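Report on the following structure.
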Amino acid sequence: MHIISFANQKGGVGKTTTAVTLSHGLARLGKKVLLVDLDPQGHVAFSLGFDKQPGLYRLICENAKIKDVILNARENFDILPSDKFTEKVKRHITLSDFRESILLDLFEKTKYDFILLDLAPSLDVLHLNGLVASDWVMIPTRLDALAVDGVNEILSTMGEIRKQGYPFLGYSILPTFFDRTTRETLVQLKELVQHFGPKVMPPIPQDTRVRESVAYGKTLWEYSPNSTAIQGYNDGNKSTGGYDQVLHRLLEIFHG
Ligand SMILES: Nc1ncnc2c1ncn2[C@@H]1O[C@H](COP(=O)(O)OP(=O)(O)O)[C@@H](O)[C@H]1O
Ligand SMILES: [Mg+2]
């Protein structure tokens, strides 16, 4: 089992979009996937056409069984949904023993090939639990002047956790809202690559289809599989970026 979290202490950088899109991408390739929403905004359920609900709250605060709180979103693809009650989960965890590894302990008992964690931007005990449980961290970032700074913030949080004895296998950085017609984004992409080299994934183009797909409760693979966000920018026989390339890079990382 591989546990991958999507983290950035900034909001609106594409964490949820990326977590939902890659989860369904893996599921469509036959992997058994669980996507866990750790953000009280509950956008994971919403993006997939469900109502927000207190799945995480019932699991952790009411000792519900995991099978009773997950939703089967698509073939091979379950979600553990959140809503505003997730705020109470934080308080509950803070008062518990072994509080950094509560999620990890729960996940270890399940039988998924991949568990993806959509983290909230806030730096709290739930965020910490998500990072502790992960063996890979994907850091989506917009290509603005604060991109490198935002990535460094989350890397330093990961460094703190490592000091406490929890190892990570690694991380990657995912440039989002890529617009190749804007000089600023090209400059920032170059800057990211200079700083982080091969850790930087192919960028995800900015694409209005992304917002539309959320409004319809569909994933991008369902709503618009030929969109720029999925297929990248196309120049004749070569394409640049897009979720399909990123999905395959992820599979290479995990050999399969
Ligand atoms: N590549 C993209 N192109 C255009 N809009 C996007 C793209 N990725 C995400 N969005 C939109 O931007 C908003 C923020 O994205 P989201 O994934 O919710 O970010 P986060 O989870 O980091 O807060 C959402 O409305 C989403 O639909
Ligand atoms: Mg989000």
If you rank ASP207, ASP179 by fewest surrounding Cβ atoms within 10 Å, what's the result? ASP179, ASP207
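Of LYS15/LYS218; LYS111/LYS218; LYS32/LYS65; LYS31/LYS88; LYS15/LYS84; LYS10/LYS199, which pairs sit farther than 28 Å apart, going by alpha carbon to alpha carbon?
Numbers: LYS15/LYS218 17 Å; LYS111/LYS218 26 Å; LYS32/LYS65 19 Å; LYS31/LYS88 32 Å; LYS15/LYS84 18 Å; LYS10/LYS199 19 Å.
Correct reply: LYS31/LYS88.
For the chain, what does -39500 (n - 2.57) per DSSP helix run (n ≥ 4), summed and divided by total residues, give at 222 nm, in deg cm²/dmol to the nearest 500? Working shown, then result.
On the way: 13 runs with 112 residues, N = 256.
Mean residue ellipticity, 222 nm, calculated: -12000 deg cm²/dmol.
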Go ahead and set up a Gaussian network model of the chain, Cα springs under 10 Å, then flag whichever of GLN164, GLN53, GLN41 fluctuates most. GLN164
Whole-Hz couplings from phi, Karplus 6.51/-1.76/1.60, listed for segment 30-40; x for Gly and Pro: x, 7, 8, 10, 10, 10, 9, 8, 9, 10, x
Return the whole-Å distance between the Cα centroid of segment 121-194 and the Cα centroid of segment 202-239. 22
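Going by C-beta contacts inside 10 Å, put THR17, THR219, THR157, THR185 in order with the fewest on the left.
By the 10 Å Cβ count, ascending: THR157, THR185, THR17, THR219.
Given the C-alpha atoms of segment 30-82, compute the convex hull and give its volume per residue in Å³.
On the way: hull volume 3.6 nm³, N = 53.
Expressed per residue, the convex hull around the Cα atoms of segment 30-82 is 69 Å³.
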Which longest run of the chain has no exposed loop site in it, a site being trypsin sites (Lys or Arg not before Pro) in a DSSP loop with at most 12 other beta carbons within 10 Å, and the site itself not part of the run? 112-256
Expected sort for SER96, SER227, SER213 with the fewest Cβ neighbours (10 Å cutoff) up front is SER96, SER227, SER213
Given the C-alpha atoms of segment 88-222, compute the convex hull and give its volume per residue in Å³. 148
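The chain: D in µm²/s via Stokes-Einstein (Kirkwood Rh, Cα pairs, 10 °C, 1.306 mPa s)?
Details: Rh = 18.3 Å.
The Stokes-Einstein estimate is 87 µm²/s.
No lab work stands behind these numbers, since they all come straight from the coordinates. Note that the structure is predicted; figures quoted are calculated from it, not measured. Don't worry about glycine lacking a Cβ; one is built from the backbone with ideal geometry, like all the others, and counts go over all protein chains shown.
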